[in-house]
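The values are calculated or read from the model by the stated rules, or taken from the named source; none is laboratory data. None of these values were measured; they are calculated from a predicted model. Cβ atoms come from the backbone with ideal geometry, glycine included; neighbour counts cover every protein chain shown.
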Ligand code: NDP
């Protein structure tokens, strides 16, 4: 990955932050995007100190189409030459039966997990096609394969990520651009805090009785995916805690 430019959305915590660390260690130049700029700046300082990484931080809300287009289409040279796009920004909101669900929660999940991923990809992809080089790695979920009780809308967004990954792969056949999805089971991050709106006690119950994956576990697989020889595309990888059904 030496000197390759890697854009990571949702780099301010969890899996995105862990990806930033492993790609910095591998010598990549990083564009870190998220809404919490202060967190990105702290992470960038750590990566510069520990790995002498070159880092560009972008305060970016992936749901804001105009902001995504403006920010990503006006990157300073040579940051436009994105070699790997990691579409990681995502969230889950309250688990509910559809008849009781919050429409605001549904919109937030669809806007972030599906539309946000599309906005970012649509802005970055033309440059990859022009340069005939690139790799789009989407962070999906086991929820895109197995719908769980009360997970209706979140699972639907992650099924959409799978379908979009497959569709994009087909769109790019005949080019050297690679497309992959990495689909984790339970990973211990701030994800559950977000889901339960900061109720940490409730969030902790999610991991009771099993050893969850760590952000680093996922980041190692994302790096593996990105470092295969050019003729090898890992279309889809599912990784689960050993004790998760
Ligand atoms: P975290 O809550 O720790 O991280 C989520 C990241 O997404 C944050 O950096 C957050 O940054 C960013 N984000 C959320 N909304 C936006 C937005 N509108 N614009 C830009 N960035 C945004 O959770 P995880 O690391 O666990 O989640 C990362 C991905 O992994 C998600 O797509 C999630 O669905 C997926 N996943 C997680 C699993 C788990 O068990 N944890 C299992 C399977 C998949 P900020 O708030 O600063 O904008």
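Residues that are within 11 Å of the ligand (Cβ to nearest atom), more than 27 Å from residue 213 (Cβ to Cβ), surrounded by 17 or more Cβ atoms within 10 Å (Cβ to Cβ) and at pLDDT 95 or above are absent from the stretch 91-110.
Inside the stretch 1-19, can you point out the residues that are touching a residue at least 40 places away in the same chain (Cβ under 8 Å) and outside any helix (DSSP H, G or I)? Lay out the reasoning, then the answer.
Taking the stretch 1-19 and keeping what is touching a residue at least 40 places away in the same chain (Cβ under 8 Å), we get 1, 4-11, 13-19.
If the condition is that a residue be touching a residue at least 40 places away in the same chain (Cβ under 8 Å) and outside any helix (DSSP H, G or I), then 1, 4, 5, 6, 7, 8, 9, 10, 11, 13 are the ones that fit.
The single condition from (1) within 17 Å of the chain's Cα centre (by Cα); (2) more than 15 Å from the ligand (Cβ to nearest atom); (3) surrounded by fewer than 24 Cβ atoms within 10 Å (Cβ to Cβ) that residue 14 fails is (2).
Considered as a group, the residues in the stretch 20-36 that are part of a helix (DSSP H, G or I) and under 13 Å from residue 55 (Cα atoms) include one that is nearest to the ligand (Cβ to nearest atom), and that residue is 20. Given the structure, is residue 82 over 13 Å from the mean Cα position of the chain (by Cα) and without any contact (Cβ under 8 Å) to a residue 60 or more places away in the chain? For residue 82, the condition - over 13 Å from the mean Cα position of the chain (by Cα) and without any contact (Cβ under 8 Å) to a residue 60 or more places away in the chain - is not met.
The strands (runs of 3 or more DSSP E) falling completely within the stretch 130-245 that include 1 or more residues that are within 11 Å of the ligand (Cβ to nearest atom), at pLDDT 95 or above and buried (at least 18 other Cβ atoms within 10 Å of the Cβ) map to 135-139, 178-184.
Every test in (1) part of a loop (DSSP other than H, G, I, E, B); (2) surrounded by fewer than 18 Cβ atoms within 10 Å (Cβ to Cβ); (3) more than 18 Å from the chain's Cα centre (by Cα) is passed by residue 53 save one, and that test is (2). Taking the conditions exactly as written (more than 10 Å from the ligand (Cβ to nearest atom), buried (at least 18 other Cβ atoms within 10 Å of the Cβ) and assigned to a strand (DSSP E or B)), does residue 84 satisfy them or not? Yes, satisfied.
Say whether the condition of being more than 10 Å from the ligand (Cβ to nearest atom) and either part of a helix (DSSP H, G or I) or over 23 Å from residue 134 (Cβ atoms) (or both) is met by at least one residue in the stretch 58-65. Spell out how you get there, then give the answer.
Of all residues in the stretch 58-65, those more than 10 Å from the ligand (Cβ to nearest atom) come to 65.
Applying the additional criterion that residues be either part of a helix (DSSP H, G or I) or over 23 Å from residue 134 (Cβ atoms) (or both) yields 65.
Within the stretch 58-65 (the criterion being more than 10 Å from the ligand (Cβ to nearest atom) and either part of a helix (DSSP H, G or I) or over 23 Å from residue 134 (Cβ atoms) (or both)), the answer is yes, since at least one residue qualifies.
Can we say residue 111 is assigned to a helix (DSSP H, G or I), over 15 Å from the mean Cα position of the chain (by Cα), within 30 Å of residue 199 (Cβ to Cβ) and in contact (Cβ under 8 Å) with a residue 24 or more places away in the chain? In short, no. If you go through the stretch 31-65 and keep only what is within 18 Å of residue 125 (Cβ to Cβ) and free of Cβ contacts under 8 Å to residues at least 40 places away in the same chain, you end up with just 58.
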